[in-house]
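The values are calculated or read from the model by the stated rules, or taken from the named source; none is laboratory data. Every value quoted in this text rests on a predicted model; they were computed, and no experiment measured them. No Cβ is skipped: glycine too gets one built from the backbone with ideal geometry, and neighbour counts run over all protein chains shown. When the accessible area is computed, the model is the full protein with side chains, heavy atoms only, and any ligands, DNA or RNA have been set aside. Shrake-Rupley method; radii C 1.70, N 1.55, O 1.52, S 1.80 Å.
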Amino acid sequence: MGLLYLMIGAEALTSNVHSASSSELLSTIVEASLVPALESSTAMLLLAAIISLVVMMLARLVLDVLIWLSPVPFIDLIFETSKVVFSLFFLAIYFFLSPFVAAIFGILLLVPCLMLLPWAVQFLRFGYHIVLCPILGQLSPAFVPRLIEPDLVEQAGSQGVTLACRAWVLKARGFKKRETIVLYHASGQRTVRPLRAKRRTRNLCEGDEQVLLGCALAWIELRVVNKEGQLVDQFALPLSMIRDFDILLVLLGAKDGGDFGAMKALRTMVKLPERASSL
């Protein structure tokens, strides 16, 4: 697809040059002096092609990551083969049918990519903070999150803040999946709210609910369960905050839930040593 858009842009430039008469070209060169200028229509075409490429590459990157994480056998091979066949199909249309028809197909492909763009950006942001930052934190403390982030304390606008850290939604009432939220503990209250809005601030849990904190395979997981034991909220915190695990238990009023999900299964199969209660 990238090659196709570049060829369409190149053809647009060539056609513009060939369609102009020699006198027009000479006039343009004289007016532009030593610095050539692109026509506005050509510049807009190139800008649209670049934006389209970025959108498609982001959507493709997220799909590549999801397929890489998928446990289904041969799905990666099927996806890669489909991409090659699809690209050859577009190139065949471009060379043997019409570049205009190929551009129409490209626009049709761009529409679902644009619809997936917010989801793709949110997914990549989640992966950066939850997976990549703990790795980078081994190289620089700048990537290690803290229990109290100064910028979040300013947003809170309250006194006695003992916890103000970012977390990400896995599943939660009133929040979107992988949305960035802020966990607060101030004046004895535990609250959660979106990073960019204050109108949905609510208590972390209700009076008959219990908060659990444990380790998943790639993050620290905060769970809220009701009195029947049903899971109602799930939040993820970076694994690099494991050093503050005991402090988080106190500030969040949580019970140590041990291991969750794949981490629990892996520890059972491999017989990994139990996590120390104080790190």
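Which FRET efficiency, nearest 0.05, do Leu53 and Leu217 yield, Cβ-Cβ r, R0 30 Å?
Values: r = 34 Å, r/R0 = 1.13.
After rounding to 0.05, the efficiency reads 0.35.
Within segment 153-261, what whole-number % of the accessible surface is contributed by carbon and sulfur, with the 1.4 Å probe and all protein chains included in the calculation?
Details: 2520 of 5080 Å².
That share works out to 50 percent.
In Å², and per residue, what accessible area does segment 105-208 have when probed at 1.4 Å with the other protein chains present? Intermediate values should be presented prior to the final figure.
Numbers: 5980 Å² over 104 residues.
Computed with neighbouring chains in place, this is 58 Å² per residue.
Could you sort the peptides 236-247, 121-132 by per-residue average Cβ neighbour count (10 Å cutoff), highest mean leading?
Details: 236-247: 17.9, 121-132: 16.3.
Taking the mean over residues of other Cβ atoms within 10 Å, the ranking is 236-247, 121-132.
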